[in-house]
């Protein structure tokens, strides 16, 4: 019997999460699928580009093989995890999932279309989450038929390594949705922090302006790529320099987040650096295309400026 509040509002009770759908088989979606499968969840993985799913499964296999080689995962657990991940051909493949996580590119129009097309295929009690790193959860939730069951679940990159997940409630997100999302993340071995639904949330609100300022420092000739990264690694004890980190994140993603900050907060301090814009326009997006602030096509990364 559903609790009284659900009888009044017409919501079914929150289900036990056993099957998880992941939309997007890129760096983030593949990582989320891997971690969920390793921790015992059945995973349905979809990407509009079917070859990307095959690539993601190969990458997951490789990462798990490295864990086996290190002795942190048994061969049997590796095979069991891989067996839990099933590729699906369309959104209908999520019909039996209690939770679906969208991990598509950081573009609001693309995400809105995904959610509009997705929800007709979901069970009535399914939760929906977005892995957005900057976009309004409230706006994304509003295009669905279940804003009360919608939440931001921002995993850090790389997902199998990073322990943090930011949980972001939209204005309509119910408390039990938040609690179910938090419990799910904890079952993945993650630590959660709660962020308010403001542009870029906590981590990227702080991190991306630093990266953008590093781009300005390069743009204005204050330092070279190598000197800026070395200065921050040795002078601020950062494990990775800001320009190296930008390449790792993806310069297109960095630019998209800065644009969200600039548009959402209307403050000139968030204006994207023209050099960052130029690199993105050139298609030099970082590690994923082997060229960004560094050129990765040789034996070792070489600064491009």
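The values are calculated or read from the model by the stated rules, or taken from the named source; none is laboratory data. Since the structure is predicted, the reported quantities are computational estimates derived from the model, not experimental observations. Positions of Cβ are backbone-derived with ideal geometry, glycine not excepted, and every protein chain shown enters the neighbour counts.
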Condition set within 19 Å of residue 80 (Cβ to Cβ) and touching a strand residue (DSSP E or B) at 6+ places or on another chain (Cβ under 7 Å), scope segment 15-30, selection surrounded by the most Cβ atoms within 10 Å (Cβ to Cβ): answer is 22
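Look through segment 145-180, keep the residues that are in a loop (DSSP other than H, G, I, E, B) and in contact with a strand residue (DSSP E or B) (Cβ under 8 Å, 6 or more places away or on another chain), and return whichever of them is surrounded by the fewest Cβ atoms within 10 Å (Cβ to Cβ).
Of everything passing the filter in segment 145-180, 163 is surrounded by the fewest Cβ atoms within 10 Å (Cβ to Cβ).
Yes/no matrix, rows are residues, columns are (1) under 18 Å from the mean Cα position of the chain (by Cα); (2) without any contact (Cβ under 8 Å) to a residue 60 or more places away in the chain; (3) not assigned by TED's automatic domain parsing to the domain that holds residue 250:
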{"site": "39", "(1), (2), (3)": "no, no, yes"}
{"site": "58", "(1), (2), (3)": "no, yes, yes"}
{"site": "80", "(1), (2), (3)": "no, yes, yes"}
{"site": "95", "(1), (2), (3)": "no, yes, yes"}
{"site": "112", "(1), (2), (3)": "yes, yes, yes"}
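Residue-by-condition table, conditions (1) more than 27 Å from residue 263 (Cβ to Cβ); (2) surrounded by fewer than 16 Cβ atoms within 10 Å (Cβ to Cβ); (3) under 19 Å from the mean Cα position of the chain (by Cα):
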site: 182; (1), (2), (3): yes, no, yes
site: 206; (1), (2), (3): no, yes, yes
site: 224; (1), (2), (3): yes, yes, no
site: 228; (1), (2), (3): no, no, no
Reported set for segment 208-222 where residues are buried (at least 17 other Cβ atoms within 10 Å of the Cβ) and without any contact (Cβ under 8 Å) to a residue 24 or more places away in the chain is 217
Flagged in segment 283-296 as more than 16 Å from residue 225 (Cβ to Cβ) and modelled with pLDDT of 95 or more, in numbering order, are 283, 289
Residue pairs qualifying under the 7 Å Cβ cut-off, at least six apart or on distinct chains, with the first in segment 266-282 being assigned by TED's automatic domain parsing to the domain that holds residue 224 and modelled with pLDDT of 95 or more and the second being assigned to a loop (DSSP other than H, G, I, E, B) and surrounded by 11 or more Cβ atoms within 10 Å (Cβ to Cβ), are 279/292
